[in-house]
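Taken together, the values in this text are just the output of simple stated rules run on the coordinates, not laboratory data. Quick caveat, the model's predicted, so the values are computed rather than measured. All Cβ positions, even for glycine, are placed from backbone atoms using ideal geometry, and neighbour counts span all protein chains on display.
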Amino acid sequence: MWKVTLAGVRGHLVRLLLTCLAVTLGTAFVAGSFVLTDSLDRTFSAIFSTAESTDAVVRLPQDDDDEAAGPELPGLEIGLAEDIEGLDGVDRAVPQLTGSALLQGADGTAVRSGGAPSQGFAWDPDDPAVRLLDGRGVEAADEVVVEETTLERSGLAVGDETVVIVNGTPSDVTIVGEATNDLPTAGATVVFVEAALAREQFAPTGVVQSILVTGVEGSTQEEVVATVAPLVPDGAEVITGQQQADETQRTLQEALGFVTTFLLVFAGVALFVGAFIIFNTFTMLVAQRTRELALLRAVGASRGQVVRSVLAEAVLVGLAGAAAGLGLGVGLAAALQALVASLFGLQLDGLPVQPRTVVATFVVGVVVTAVAAVLPARRASATAPVAAMRDDQALPSTTVRTRAAAGLGLAAGGAAAMALVLTDRITENALPVLGTGVAAVFLGIAIASPAVSKPVVWLLTAPLARTAVGRLAQRNALRNPRRTAATASALMVGVALVGAVSVLSSSATASVADIVENELEGELVVSDGGPPTIPVGVADQVARVDGVAAVLALPFTPAELDGDDALAMTVDPGTLPDLVTLTALEGSLDELGEGVWLSESAAEEVGADVGDSVLVQVGTGESADREVLAVHEDSQIIGSDVLVSADVYAAGTADLQSRDGSGGVQYVVVDVADGSDVAEVRERVTDVAAQYLTLSVLDAGEFTGEQTAQINTVLGLLYALLGLSLVIATLGVVNTLALSVVERTREIGLLRAIGLTRPQLRRTMTIESVATTVFGALLGVTLGLAFGVALQQELVDDGLEVLSVPWPTVVVVLVGSAVVGVLAAVLPAWRATRIDVLRAITTD
Amino acid sequence: MSDTSSRTATVTGRHAADATPVASARALTKVYGSGDAAVHALAGVDVDFTRGEFTAIMGPSGSGKSTLMHCMAALDTPTSGTVVVDGVDVSTLKDAALTRLRRDRIGFVFQSFNLVPTLSAAENITLPLDIAGRKADVGWYDTVVDILGLGPRLGHRPNQLSGGQQQRVAAARALIGRPAIVFADEPTGNLDSRSSAEVLGFLRRSVDEFGQSIVMVTHEPSAAAYADRVVFCADGRLVDEMRRPTAERVLDRMKTLGDL
């Protein structure tokens, strides 16, 4: 039977190649996601394995479970480092003086990429990890040393004068040296500043978050930890350098893990769509070869042998597709690395292809192909030799109805599973359950779709059916509802996902616009395109600008509310109404004083009403009973649980000034004084903001645009990836049409003989193709809108308040699907017109 | 375009033909392959098919009779020589013009697989006109359908029709556009004698009553007997012809054809 299999592959090479392509695209996602994950691993392992110079780290405890919890200690006194350095067995103990430091590049803008951090470190000439490459070390507050890759990206050179914004404070500096710590920076920028300046900016209250300890030659990390332990104050801890490295690496990997999950989801989508095509192709190939297979049966091949021969063919296709997929996957990973670099500023190096990647790619490719081919193979083996001669197997309508019922049942089950996850009734394994649910809905609809394909395709083509060409196309599209539906279903999946995503994005945009319109009262907003956050100092400077009546900066800090973790902010009740709309549900928003205002959800959480007293701790301040003066509606702009006066806030956060650039804010809302010209004030505010390099001044409309631009960037990525599933689906349409041409050779010959011109034949095929793709798009759009609306309803409480159905997108998708139909028909139609009329009608 | 409606449908009689041939070939050759392996399917054929006449082409297998018909019907391109159909020199035409010629001036009846399986009998009959974007002459359509007794079957799909019914639908389709000439390629090859008689009777009638020109390839003497004239092919040449054939005479002639 092996010979027969090989002959089968040869005989249908082009069609199998198209099927192969479907497998390739699917497995490329699998391979790509693994390669990308491995390159992430490798990049971070490189960073952390070389950080060996640190033997022990004294630090504040990190509580991964609730990051909002306030620390027990405001920080470690810098003096502690000196005490530790004095211990026997300790070589060095360095307080970690680090914070944000933006470098102005040669082009006048900040050197940074995506969301990668801009780090400033204290220059330490004795630090063995840092090597000076050029120039000299920092000797004064107006001098900096710049890390090698950072300097390269800045376009500056040693000796140049520029601006560095250290922890939000701009100052003119000269670059006196170039250094490296021999680590991949992964896109971060690194600037070394004078130690005294670093201490002033990064540790204004004299405390740091951690102290790095190096032992004397020959000591193990455990020994150093043991040596240091007695000096570690209550509320702090000491761990080995290795533990610290492992922890950081784990955190980063978790943070970036979504990229992998994301890719694997797309691999699933691509393979799912690909499976439709593989299934379709093998069904058709088998149908065409019914006679051949029946002959094999007649000459004594067992059913099992026939099944195995078809499956062997599928396995060959799977292997070939997966091999190509592996190659394409590496390319995909490279492209995604570039994308990650531009989105998150993270530079990954290398494209490692590990054995696991190869195995996973091939296993997935072969298994999916084989599974998709099992049913057609079984069907082939079941065909009685007599039935093989029959040409047109019409589907009994009872079968269509049974299938419709079964399909709708499956879809309902899938929808139920989705609903359980979305309503949080299933929380364990939520993602797999959700994915299975979605897949079940798609499969169910695909199984049921032949029942709807007839009326829908009939309606779609009805306007054209008055001409002979239209009628021929209509009949062809209706000819085999199961095939039309299966081909369309592949398209349905991608379109449905695009539809759902577009409803979410449109709703998100509308919701943001709604919030800005309803809640923003100030005329201008000072905003940073992304992290790092804006230093609070900017707000004070803007407040002093002529014509500015008030500003709202909204710094936030962790707090405790009756023992629960909460988020605290401060506002000025006097100016608040001019800046942001906050609606009181109970009590009044006239004053704060020593009391607090609670958001509706926070009030519900702790069960407090106006007039009640709640135990509040802001930042690291004292816990105190405070009166609830008002309960306000949850606000999207002010996302606090508890609002306190500026004094209370300042008291609670005084010790926290040095924490990770805390005190930074996302944006500053500006109220322009009555009678002042907004445009003029805007210019003056822009002058202030300009010194910070990354800040822009926006009006309400622009602010909405900026906020939604981030949503749109992520969605652009989603669309691009979903677009690939549409490409796969299009290949499926091409495949189906190409096979139809082969099946209908005699009919096409006859039509041409009695006078159908080549353009007419092309048109016939194009209409059939378009009817199929538009039918698939209609199914997909319907399903996608349903998914999208369901998700939006579920996310109403998470800020997606406004439902917006993007009708223009829907129209574009439908028109686009018609275009896809036209394109998909080009090649098969060309082949059809090249059919030799005489041979077609004279051969049996 | 060849508007055949000018030709009257009331021409009757076996020999009421025009003087000019409806189709003719001169020095027609068709060679497959080249060099030593060359096969001369047609080795220089001159033939005229008279307007309003029913001509049968006969000959043993491999005699070139089908090739001759395919070249005459613009389905195949000759290696050399000229073919003129209804005044049009076929050998100068490109695919699009050839397609239009077949659509507007030629009717076809093939041996099998004559009908588009997705179309009803009625739709199959009017297909050439529909493709051309023309309306069927209602009176003519009714006449054809009526003569062929297809009335009750018009809504049926081909797979619901018997072989004889399918060939009658094909015959109706060939005639619906009043083409200059109908080419029938073994139209009764797959039919029983009764169905054959129905189809051939209809072809005969269309010549007698409506002046239709018909060329039919066949290997059955009984079918050839329906024709006005029989031309005999052997080894790629026309070797003889017979007027007013009967089945016996044709059979006798066929027996000696191999001896030439």
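Which whole-number percentage describes the relative contact order of the range A:56-238, with Cα contacts under 8 Å and a sequence gap of 6 or more?
36
Report the local net charge at A:VAL421: Lys and Arg +1, Asp and Glu -1, summed over other residues whose C-beta lies under 11 Å from its C-beta. Please list the in-between numbers first.
Details: positive: A:ARG425; negative: A:ASP424, A:GLU428, A:GLU794.
Neighbourhood net charge equals -2.
For the range A:514-593 and the range B:20-34, compute the distance between their C-alpha centroids and round to whole Å.
Centre-to-centre (Cα) distance: 95 Å.
Can you show me the helix-derived [θ] at 222 nm for the protein assembly as shown, built from DSSP H runs with n ≥ 4 at -39,500 (n - 2.57) apiece and divided by the number of residues, rounded to the nearest 500. It would help to have the intermediate numbers written out before the result.
Values: 32 runs with 565 residues, N = 1104.
Taking each H run of at least 4 residues, the total per residue is -17500 deg cm²/dmol.
Hey, what did chain B get for relative contact order, percent, Cα under 8 Å, at least 6 apart?
For chain B, the relative contact order is 28 percent.
Starting with the fewest neighbours, write out A:GLU77, A:GLU622, A:GLU143 ranked by other beta-carbon atoms found within 10 Å of each beta-carbon.
A:GLU622, A:GLU77, A:GLU143
Please report the net charge: other residues with Cβ closer than 11 Å to the Cβ of B:GLN166, K and R +1, D and E -1.
Details: positive: B:ARG153, B:ARG157, B:ARG168, B:ARG173; negative: none.
Result for the local shell: +4.
So if I place +1 on the C-beta of Lys and Arg and -1 on the C-beta of Asp and Glu, and nothing else carries charge, what would the dipole magnitude of the protein assembly as shown be about its Cα centre? I want it in debye, nearest 20.
Rounded to the nearest 20 debye, it is 15440 debye.
Where does each of A:369-376, B:76-83 land if you order them by average Cβ count within 10 Å, highest first?
A:369-376, B:76-83
When a footprinting reagent is the concern and you count Cβ atoms within 10 Å, what order do A:TRP830, A:TRP123 take, fewest first?
Values: A:TRP830 13, A:TRP123 25.
The most exposed by this proxy come first: A:TRP830, A:TRP123.
I need the peptides A:814-826, A:271-283, A:552-564 ranked by packing, meaning the mean over residues of other C-beta atoms within 10 angstrom, with the highest value on top.
A:271-283, A:552-564, A:814-826
Sort A:167-179, A:419-431, A:224-236 by packing, meaning the average of other beta carbons within 10 Å per residue, with the highest value first.
A:167-179, A:224-236, A:419-431
How shielded is A:469-475 by partner chains, expressed as the average number of their Cβ atoms within 10 Å of its Cβ atoms?
The per-residue average across the peptide is 4.
Within the set of other residues whose C-beta is less than 12 Å from the C-beta of A:LEU197, count the net charge using Lys and Arg as +1 and Asp and Glu as -1.
-4
Taking the Cβ of each residue in A:VAL493, A:VAL130, B:VAL109 as the centre, tally the other Cβ atoms inside 10 Å and list the residues starting with the fewest.
The fewest-first ordering by Cβ neighbours comes to A:VAL130, B:VAL109, A:VAL493.
Relative to the longest principal axis of the C-alpha atoms of chain B, give the angle of the C-alpha long axis of helix B:95-105, reported between 0 and 90° and rounded to the nearest 10°.
60
Using just the C-alpha positions of the protein assembly as shown as equal point scatterers, what log10 of I(q)/I(0) does the Debye formula give at each q in 0.04, 0.07, 0.09 1/Å?
-0.37, -0.81, -1.09
In degrees from 0 to 90, rounded to the nearest 10, what is the angle of the helix B:138-148 Cα long axis to the longest principal axis of chain B?
With rounding to tens, the tilt is 70 degrees.
Give the angle, between 0 and 90 degrees and rounded to the nearest 10, that separates the Cα long axis of helix A:678-690 from the longest principal axis of the Cα atoms of chain A.
So the inclination is approximately 80 degrees.
Return a whole-number percent for the relative contact order of chain A, with Cα pairs under 8 Å and 6 or more residues apart as the contact set.
17
Just list whichever of B:LYS65/B:LYS135; B:LYS65/B:LYS94; B:LYS94/B:LYS135; A:LYS454/B:LYS94 have alpha carbons separated by over 31 Å in the model shown.
Exceeds cut-off: B:LYS65/B:LYS135; A:LYS454/B:LYS94.
Within 10 Å of each Cβ in peptide B:154-160, how many partner chain Cβ atoms are there on average? Round it to a whole number, please. Please list the in-between numbers first.
Numbers: counts 0, 0, 0, 3, 1, 4, 0.
Taking the mean over all residues of the peptide, I get 1.
Which whole number gives the average count of other chain Cβ atoms within 10 Å of the Cβ atoms across peptide A:740-752? Provide the component values of the computation, followed by the final result.
Details: counts 0, 0, 0, 0, 3, 0, 4, 5, 1, 3, 8, 4, 6.
Partner-chain Cβ atoms within 10 Å, mean over residues of A:740-752: 3.
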